[in-house]
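Peer 1: Sharing a structure with you now.
The values are calculated or read from the model by the stated rules, or taken from the named source; none is laboratory data. The model shown is predicted, which means the values in this text are computed figures rather than measured ones. Cβ placement follows ideal geometry from the backbone for every residue including glycine, while neighbour counts extend to all protein chains displayed. What goes into the accessible areas is simple: the full protein's heavy atoms, side chains included, and nothing from ligands, DNA or RNA. Shrake-Rupley method; radii C 1.70, N 1.55, O 1.52, S 1.80 Å.
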Amino acid sequence: MNKAFTKETDHDDEDELAPSPIPAGTKNYLTPQGYQRLRDELLALIDVERPKIVEIVHWAASNGDRSENGDYIYGKKRLREIDRRIRFLTKRLDIAEVADPSVHHGHDQVFFGATVTYVNQDDVERTVTIKGIDEVDNLQGEVSWVSPIARALLKSRVGDEIQLMTPGGLEHVEVLSVSYPAPKPQE
């Protein structure tokens, strides 16, 4: 059979079949900055990256034998990756619910977007910021709103002691401080 009529697969499509970490029936909560970052990435893929790769694949295909053409093979693979990311971002942005944490500025109760400092029973103090699933950076102390610590902290107030189930067992945590970004002045 001619190679032109066979489907190319890399088993990368399995990523799309994995269950979404967003709880069923809920929105994809994002901060305004997180929403803008995802939207910017989507537009860059559509307007810049994809056309560039399409041009490379077109050029490589015009060179003849595609079976040993590295530019063509790599370009097609990269095109599939870009298309998969575009589909993912489009789906995520379609169900996005932008929640501005600055509306809670000055409050001491934990909601989405809060930066919370807490201490555990071993007197280890930690600070986390509760953000959307698609925008967290663990290295910056950010946790998703569906994480166990965020779920335990949500709706608590400064001074509250909460229970957190960890792999090491039940842990008692006390909320020390809650802060939100200041609202941006109206333009």
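Peer 1: Does region 29-42 contain any residue that is modelled with pLDDT of 95 or more, open to solvent by less than 50 Å² (accessible area, probe 1.4 Å) and farther than 24 Å from Thr129 by Cα?
Peer 2: There is at least one residue in region 29-42 that is modelled with pLDDT of 95 or more, open to solvent by less than 50 Å² (accessible area, probe 1.4 Å) and farther than 24 Å from Thr129 by Cα.
Peer 1: How many residues, within region 156-187, are farther than 16 Å from Tyr118 by Cα and either exposed (fewer than 10 other Cβ atoms within 10 Å of the Cβ) or of a type in the set (Ser, Thr, Tyr) (or both)?
Peer 2: The first filter runs over region 156-187 and keeps only residues farther than 16 Å from Tyr118 by Cα, leaving 167-169, 181-187.
Then drop every residue that is not either exposed (fewer than 10 other Cβ atoms within 10 Å of the Cβ) or of a type in the set (Ser, Thr, Tyr) (or both), which leaves 167-169, 182, 184-187.
Going through region 156-187 one residue at a time, the tally reaches 8.
Peer 1: Scan (1) over 18 Å from the mean Cα position of the chain (by Cα); (2) in a strand (DSSP E or B); (3) within 24 Å of Gly34 (Cα to Cα) for the single condition Glu174 breaks and write down its number.
Peer 2: In the conditions (1) over 18 Å from the mean Cα position of the chain (by Cα); (2) in a strand (DSSP E or B); (3) within 24 Å of Gly34 (Cα to Cα), Glu174 misses (3) alone.
Peer 1: Please go through region 102-150 and pick out each residue that is assigned to a loop (DSSP other than H, G, I, E, B) and among the charged types (D, E, K, R). Give the steps one after another, and end with the answer.
Peer 2: We begin by selecting, within region 102-150, every residue assigned to a loop (DSSP other than H, G, I, E, B); these are 105-108, 110-114, 121-124, 132-137, 141, 145-147.
Of everything in region 102-150, those that are assigned to a loop (DSSP other than H, G, I, E, B) and among the charged types (D, E, K, R) turn out to be Asp108, Asp122, Asp123, Asp134, Glu135, Asp137.
Peer 1: Okay, moving on. Is it true that some residue in region 136-155 is in contact (Cβ under 8 Å) with a residue 40 or more places away in the chain, closer than 18 Å to Thr26 by Cβ, open to solvent by less than 40 Å² (accessible area, probe 1.4 Å) and not aliphatic (A, V, I, L, M)?
Peer 2: Checking region 136-155: at least one residue is in contact (Cβ under 8 Å) with a residue 40 or more places away in the chain, closer than 18 Å to Thr26 by Cβ, open to solvent by less than 40 Å² (accessible area, probe 1.4 Å) and not aliphatic (A, V, I, L, M).
Peer 1: Of the conditions (1) assigned to a helix (DSSP H, G or I); (2) more than 24 Å from Ala150 (Cβ to Cβ); (3) open to solvent by 60 Å² or more (accessible area, probe 1.4 Å); (4) without any contact (Cβ under 8 Å) to a residue 12 or more places away in the chain, Arg87 clears all except one; give me its number.
Peer 2: The failed condition is (4).
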